[in-house]
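Derivation of every value follows stated rules applied to the coordinates shown; laboratory data play no part. Predicted model only: the values in this text are computed from it and were never measured. All Cβ positions, even for glycine, are placed from backbone atoms using ideal geometry, and neighbour counts span all protein chains on display.
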There are 2 protein chains.
Amino acid sequence: MSQPPDVIPEQALQRVGWALRRADLTLQSAKEPALRAVGLSTASYSLLMHVHVYPGLNGAELGRRLGVSTQAVALLVTKLEAGGLVERRAHPRHRNIQELYLTDEGHRTLQAAYRHVGTIEDKITDALGPEEAQHLRDLLDTVMAALADTE
Amino acid sequence: MSQPPDVIPEQALQRVGWALRRADLTLQSAKEPALRAVGLSTASYSLLMHVHVYPGLNGAELGRRLGVSTQAVALLVTKLEAGGLVERRAHPRHRNIQELYLTDEGHRTLQAAYRHVGTIEDKITDALGPEEAQHLRDLLDTVMAALADTE
DNA sequence: TGACTGGCATCAAGTCCTTGATATGGGTCA
DNA sequence: TGACCCATATCAAGGACTTGATGCCAGTCA
């Protein structure tokens, strides 16, 4: 039996997808110690930021935006609620749904975290310059649009 | 006590780092069902691809490249070895170090996976065009270089 | 009105990965 | 040669997340 020809190109690991993966991994690693300093995990930080920007978000929608399951969100929210950073409120009409809000303490913690993590974002935009930073966002949007067609 | 001014800009979630995160999440989600079809997790696929491109890699170095701990690699390798996809060989001089290689079966599985996942990569490069795809890689390299200065 | 459908939340069990600690072997330097 | 240091690999325990199953509630349709 002869071996089939190798369909994997030499530069497989240099393709866009892997560059994207490496860049995101590097970014997450860079953020991690800054967040640890204020007592947050990267997951908690993402959750707080999303609730800050979209107050009243429910757990299921939050899970979709963060790329994790509803259950994972619920576990995290329970911890953050115990720590006094977020608050669950009943949806005015759908009693079964909970809306999430930041407490004052949660707001302060998020701001402290942003002061640290924001400097990392600044490093990126400084290195790119405003035009290229915008260009990068556009390119990433194009990538996401291309992947959305997959469904 | 007066509330401190909000230092978090409105567009916090539109910054480059979050765009990067969302794009990578979307990509991983898109790859996942394709890999499941050939019985691989995204972690396994990444590992196989790296061992294919860099034959003889050891576990610790692999962990650094994948962004996971050495132990996680060891657990995964044990499973892949039991499945007959990878092979541990003793380093010729350092008896304590193991070099990793793909078996023929591992090579076949990786090729099957690449046939599925490669089409997703193609979607991206088709949507961008060759120049913009290269540009995106360059921009991501710039981002990683900027983050490397952090240390 | 009552049955059906769909989305949200929670409980339970299992998987994957992490941190911490330990053993082993090679390289360096006195 | 021997002591020290560093890197790899493994064992153990804990944490975070996943899938699967269940309950609950609002909206829809006959």
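Kindly indicate which of A:Ala30, A:Ala37, A:Ala82 is within 14 Å of chain B (Cβ to nearest Cβ), loosely packed, with under 15 Cβ neighbours inside 10 Å and away from DNA strand C (no atom under 12 Å from the Cβ). Can you show your working first?
Details: A:Ala30 fails: loosely packed, with under 15 Cβ neighbours inside 10 Å; A:Ala82 fails: within 14 Å of chain B (Cβ to nearest Cβ).
Answer to the selection: A:Ala37.
Considering the stretch B:1-54 alone, what residues qualify as being basic (Lys, Arg) and more than 30 Å from A:Gln134 (Cα to Cα)? Break it down stepwise before answering.
Of the residues in the stretch B:1-54, the ones basic (Lys, Arg) are B:15, B:21-22, B:31, B:36.
Within the stretch B:1-54, B:Arg36 is the sole residue that qualifies.
Could you check the stretch A:132-151 and list, in sequence order, the residues that are at the interface with chain B (Cβ under 8 Å from one of its Cβ atoms) and among the charged types (D, E, K, R)? Talk me through it step by step, then tell me what you get.
Just the residues of the stretch A:132-151 that are at the interface with chain B (Cβ under 8 Å from one of its Cβ atoms), to begin with: A:132-133, A:135-137, A:139-150.
If the condition is that a residue be at the interface with chain B (Cβ under 8 Å from one of its Cβ atoms) and among the charged types (D, E, K, R), then A:Glu132, A:Arg137, A:Asp141, A:Asp149 are the ones that fit.
Mind listing just one residue for me: the one in the stretch A:85-109 that is in a loop (DSSP other than H, G, I, E, B) and either within 7 Å of DNA strand D (Cβ to nearest atom) or surrounded by 12 or more Cβ atoms within 10 Å (Cβ to Cβ) (or both) and, of those, nearest to the other protein chains (Cβ to nearest Cβ)?
Initially, the stretch A:85-109 is screened for residues in a loop (DSSP other than H, G, I, E, B), giving A:85, A:91-97, A:103.
Next cut, either within 7 Å of DNA strand D (Cβ to nearest atom) or surrounded by 12 or more Cβ atoms within 10 Å (Cβ to Cβ) (or both) only: A:85, A:91, A:93-97, A:103.
On the way: A:Leu85: 15, A:His91: 23, A:Arg93: 27, A:His94: 25, A:Arg95: 29, A:Asn96: 27, A:Ile97: 22, A:Thr103: 12 Å.
Within the stretch A:85-109, the match that is nearest to the other protein chains (Cβ to nearest Cβ) is A:Thr103.
So, A:Arg115, is that one in a helix (DSSP H, G or I), free of Cβ contacts under 8 Å to residues at least 12 places away in the same chain and more than 16 Å from DNA strand C (Cβ to nearest atom) or not? First the steps, then the outcome.
Working: in a helix (DSSP H, G or I): yes; free of Cβ contacts under 8 Å to residues at least 12 places away in the same chain: yes; more than 16 Å from DNA strand C (Cβ to nearest atom): yes.
When the stated conditions are applied, A:Arg115 passes them.
I'd like to verify a number: residues in the stretch B:41-79 that are away from chain A (no Cβ under 14 Å), more than 8 Å from DNA strand D (Cβ to nearest atom) and not basic (Lys, Arg), how many?
5
I'd like to check something: does the stretch B:124-131 contain any residue that is farther than 16 Å from A:Gln11 by Cα and at the interface with chain A (Cβ under 7 Å from one of its Cβ atoms)?
yes
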